[in-house]
Every structure is written in C-alpha cells, then in structure tokens.
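The values are calculated or read from the model by the stated rules, or taken from the named source; none is laboratory data. Because the structure is a prediction, the values reported are computed rather than measured. Ideal geometry is used to build each Cβ from the backbone, glycine not excepted, and the neighbour counts take in all protein chains shown. Accessible surface areas use protein heavy atoms only, side chains included; no ligands, DNA or RNA. Shrake-Rupley method; radii C 1.70, N 1.55, O 1.52, S 1.80 Å.
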Amino acid sequence: MTPKEVLAFAQEQGAKMVDFKFLDFIGTWQHFSVPMSELDEGSFEDGYGFDGSSIRGWQPINASDMLIIPDPVTAVMDPFMAVPTLTLICNIVDPVTKEKYTRDPRHIAQKAEAYLKFTGIGDQAFFGPEAEFFIFDDVRFDTASQYGFYFLDSVEGIWNSGRIENPNLAYKPRHKEGYFPVPPTDSLQDLRTEMVMVMQQVGLQIEAQHHEVATAGQAEIDMKAAPLVRMGDNLKWYKYVVKNVARRNCKTVTFMPKPLFADNGSGMHIHISIWKEGKPLFAGDKYAGLSEMALHAAGGILKHAPAICAITNPTTNSYKRLVPGYEAPVNLAYSSRNRSASVRIPMYSPSPKHKRLEVRFPDPSCNGYLAFSALLMAAIDGIENRIDPGEPLDRDIYAMTPEELANVPSTPGSLDEALAALKNDHEFLLKGDVFTEDVIEKWIEYKTQHEVDAVRMRPHPHEFMLYFDI
C-alpha cells in the first residue's frame, strides 16, 4: 500500500488508533500508539520521535532522540485491541542525518536483501522458519541473592498423571511422545487452530499446525516461505499472535529453547532457497538433487556455523538444547533426510521449486531479521568462494563410534563460545555493509554483560543437590 492507500484502508476499517511497532536490538517488539488523527501522508516521511536510550542495545542518553518511519506496505488491523487499531511496522532513522540506523534489525535485513541482488547471484532469498514453542498453564520464577527458582505446569504434563484434578482425565502425552497423537491426548488442537485463524487474519500464509514431540503442550505452526524482510515481519506477527491468543485463553507461551529438563527443546529449523528471475537456483543434478550453488551455500553455512550460532542461538538457554549425544542437530554436516545433521535437504517433493536447504540448529529465541541475514550472508560467502561442504553425513549418528564422530565438527557448547567464534569470524557479515563492526561489537558486549555473565555468576538450583553437603 501507498501512504494514501493506508489512510483509505484505515478509514474503511474504522481505525481509531495507530500502533507503531519496531524491533529492539535483541529481538523484542516495542510499540507506542497515537490517535488516528495524528497520522497523515507526511507521517510516512517525517516520522515520530522517541527515546532511543530506553531501547536495549541502542543509543546513549546523551544522543537519545530517534525517529520511527512507518512502512506503509506493513499496514494491517491489530486483531487484539478493543478499540479498532491500525498497526504499522517501522524503520528507525537518525533525526539529524535522516540516515537509517545501523542497529535497527529490519534495516540489516533490508541491506542483506539488497546485497544479494548486488552480487548478481540471485534476486530473492526465501526463508521458511519452523518455530516451535510451549503452551503452559502456570509459570512462576524469581531470583535474588539468596534464592532462585522456576516452576512450570501444564494440564498436559505427564508429571500430572497422578494429580488429583477432580477428575483427572489422564490423556497426558508421555515424555517425547507428543508427535502427534489425536485428541483427546492432544488437548490443544482448537487453540492452535485459533492461532492459525488469527495469523491468516493478519496476512500470514500457514501450511500446517500440530503438536510437537514434548509433553506439556509443545507446538508448531508452519508458515509458507517468504522473502527475507517479509519473513522477518511475519515471524514477529507469528510470536505476537501465538502469545496473545494463548493469553486470552488463560494460557501462556514461551519460545525459550529448553524450558523443560529431560524432554525435547524447541528449535526453529529454517528453510532457505535463492531464486533469480523467478527460477529456483538450488535445484540441480548434484547430491540429493541440489545444484552446485546450493552445495557451496551449504559449505558457507557449515564453515561459519559457530559464529552464526551467536545470532541464531543467542541465549544461554539455547545451549541447553544443543547438547551432543541427544537428538539436537549439533553435527556440522549436511545430509538428505538425516535429521541429526545440522543442514538437511528435505526430500518430500521432486519439484525444483521445493529444493532448499534446511538449517536445523537455530532456535526461536533469535531475532529473525538478524538470523536470516546472517544465514544468507554465509550462503553468499560459500557461493562466491566455492566452499566445499565435504562429504554428506548419511549414517546414523548414534551408530557411529567416538573415533568417527571426532572428525565431525559440532556447534558451540555455550553462548560465550559462540560469541568468541563471532568475534573471530565475522568478515563475511560485513560485506556490503550489511552488518557493521558497531553491530557486531555491541551484540557481543550486550550478550556477554547482560546474559553470559549474569547466568555465570549465579548459583544454579541443581548445584545445591550436587554440592550442599560436600
């Protein structure tokens, strides 16, 4: 839509308020609202001021003024507000120079799309994330100098099989058996369908929804692939819809990668393909029906995977999921069908337009704009430098000896390891000024100070079980 069309759409929908949404550096949607009378065609050029020093990872207090510039193509009616509210996703600019802000994740994604076209490799990169999440009924947590705890509960949790519920109707998925029994064991079918209906209402194209492997309400809803920036927008709508639909049904959702011990964590497998002039470039006559370009793209992703993990798996909790020896895709190799490899080539369809790479190590705690951009930049680096991905890993990982596995590299074991890898390997991200040194430095600094150190310095509850009587 053009600005003029946005105003006409808002009038047609009876909008009384306008909500401006933008993403902070770490990955959380922020917003503020104005009456509809405050929006005119000039607003899409002049923007609205706000305090950038109050946004995580952004401006110092002595240079805090910033502007949001609404993007008219993102206009949609918010499905949750009591008063009819138009929503616009915004870009961030400097109020003095009017230059786009280097730490705005959406701007980074826009630059990644532009860089792909600049290289001549392709003109569109499609991304299809499979974000998993947990739906809980009760969540409590707190921490202080002398205590720390969390408590999660779900009516579906197998740990409640013996609880007095007046009556307890059983039908609770056992650990690792949630994929995917029909109702009544799957008690969340209608809730997930409600989420799908609202997602479609805001313009998302949905392919499927289902219960996931874990007990206690693990779920997945799959979106149809879309170009990079649009999918970054879509992923934020996805999370917004899932959380708000859950809340109005007296439930809560988390995208934490590993909220439960002894059951599957939540990943976000990301399907990637590059197209040019309407033709898919990843289909060919090489391994698993891939093109040579696709194999080189996989080589770039595998080479840079430890650094990429600092962006695609950006929390300390991420590495509670990425643990060797279990089902997590920690092995930095590629394969058709083999889900223990970190890059898989899905074989569901022989059609060239469906040929893609599925990167399996990312998780849904990531900032989608940054994660998709980093993966694209690694793929471009692999293509430009013809990086060999090595031999495919088609064997059963769990049948391989320790000696054989020693030759298969793996993802980092912790967030600080991933951040160290990013510090040492980020030249590929700087090409085309997509990421900047400022962005990389601030990302490493923020994550180290506010997350790695914050967790590292606190006693863990299980340490009392292990060591209190030592």
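Between Arg56 and Asp285, the FRET efficiency from the beta-carbon distance, with R0 = 56 Å, is close to 0.75. Here region 85-146 is treated as a sphere whose radius is the Kirkwood value from Cα pairs; by Stokes-Einstein at 25 °C and 0.890 mPa s it diffuses with a coefficient of 149 µm²/s. One quarter of the surface of the convex hull around the alpha-carbon atoms of region 286-326 equals 4.0 nm², the direction-averaged projected area.
Reducing region 161-225 and region 76-92 to their Cα centroids gives an inter-centroid distance of 27 Å. Pairs from the list Lys286/Lys353; Lys21/Lys239; Lys355/Lys423; Lys303/Lys423; Lys320/Lys355 with a Cα-Cα gap above 21 Å: Lys355/Lys423; Lys320/Lys355. With a simple spin-label model that places each label point 7 Å from the Cα along the Cα-to-Cβ direction, the separation between Glu12 and Arg456 comes to 5.5 nm. Working value for region 25-124: equivalent-ellipsoid semi-axes of 24, 20, 14 Å, each the square root of 5 times a Cα gyration tensor eigenvalue, largest first.
Label positions at Ser349 and Glu45, each projected 7 Å from the Cα along the C-beta direction, are separated by 4.3 nm.
The Kirkwood radius of region 204-356, taken over pairs of alpha-carbon atoms, gives through the Stokes-Einstein law at 25 °C and 0.890 mPa s a diffusion coefficient of 142 µm² s⁻¹. Pairwise alpha-carbon distances in region 78-204 exceed 17 Å for 78% of all pairs.
Computed about the Cα centre, the dipole magnitude for the chain is approximately 700 debye when only Lys and Arg (+1) and Asp and Glu (-1) carry charge, each at its Cβ. Residue-wise HN-Hα couplings along region 100-114, as the Karplus relation 6.51 cos²θ - 1.76 cosθ + 1.60 with θ = phi - 60° gives them from phi, are 5, 7, 5, 9, 7, x, 5, 5, 4, 5, 4, 5, 5, 4, 5 Hz; Gly and Pro carry x. Peptides 200-209, 305-314, 80-89, ordered by how many other C-beta atoms sit within 10 Å of their residues on average, highest first, read 305-314, 80-89, 200-209. Taking amide H as placed 1.01 Å from N in the peptide plane, Ile206 has its amide H under 5 Å from the amide H of Lys224, each at least 5 places away in sequence or on another chain.
Spin-label model, Tyr467 to Gln200: label points 7 Å out along the Cα-to-beta-carbon direction sit 5.4 nm apart. Size estimate for region 258-328 follows the Kirkwood approach: the inverse of mean 1/r over distinct Cα pairs works out to 14.5 Å. If I model the chain as equal point scatterers sitting on the Cα atoms and use the Debye formula, what is log10 I(q)/I(0) at q = 0.08, 0.10, 0.13 Å⁻¹? Rounded to two decimals, the profile gives -0.50, -0.79, -1.35. For region 427-439, 3J(HN,Hα) computed residue by residue from phi via the Karplus equation (6.51, -1.76, 1.60; θ = phi - 60°) reads 4, 5, 7, 7, 4, x, 6, 5, 8, 10, 4, 4, 5 Hz, glycine and proline entered as x. The alpha carbon convex hull volume per residue for region 294-374 rounds to 98 Å³. Sorting 142-152, 448-458, 124-134, 256-266 by their mean Cβ neighbour count within 10 Å, with the most densely packed peptide first, gives 124-134, 256-266, 448-458, 142-152.
Ratio of Rg to Rh for region 224-270: 1.05 [Cα atoms; Kirkwood radius as inverse mean 1/r over pairs].
Computed over protein heavy atoms with a 1.4 Å probe, the accessible surface of the chain works out to 46 Å² per residue.
Oblate is the label for region 376-467, because a/c, from the alpha-carbon gyration tensor with a ≥ b ≥ c as root eigenvalues, is 1.5 or above and a/b does not exceed b/c.
A Förster radius of 30 Å, combined with the Cβ-Cβ distance separating Lys431 from Asp388, puts the computed FRET efficiency at roughly 0.90. Projecting the Cα atoms of Gln201, Gly217, Gln124 onto the dipole axis of the chain, where Lys and Arg carry +1 and Asp and Glu carry -1 at the beta carbon, places Gly217 farthest toward the positive end. For the peptides 172-180, 35-43, residues were scored by their other Cβ atoms within 10 Å and the scores averaged per peptide; the highest-first order is 172-180, 35-43.
Each residue of region 230-235 is assigned a 3J(HN,Hα), and the resulting list reads 4, 5, x, 4, 4, 5 Hz, derived from the Karplus form 6.51 cos²θ - 1.76 cosθ + 1.60 (θ = phi - 60°), x at Gly and Pro.
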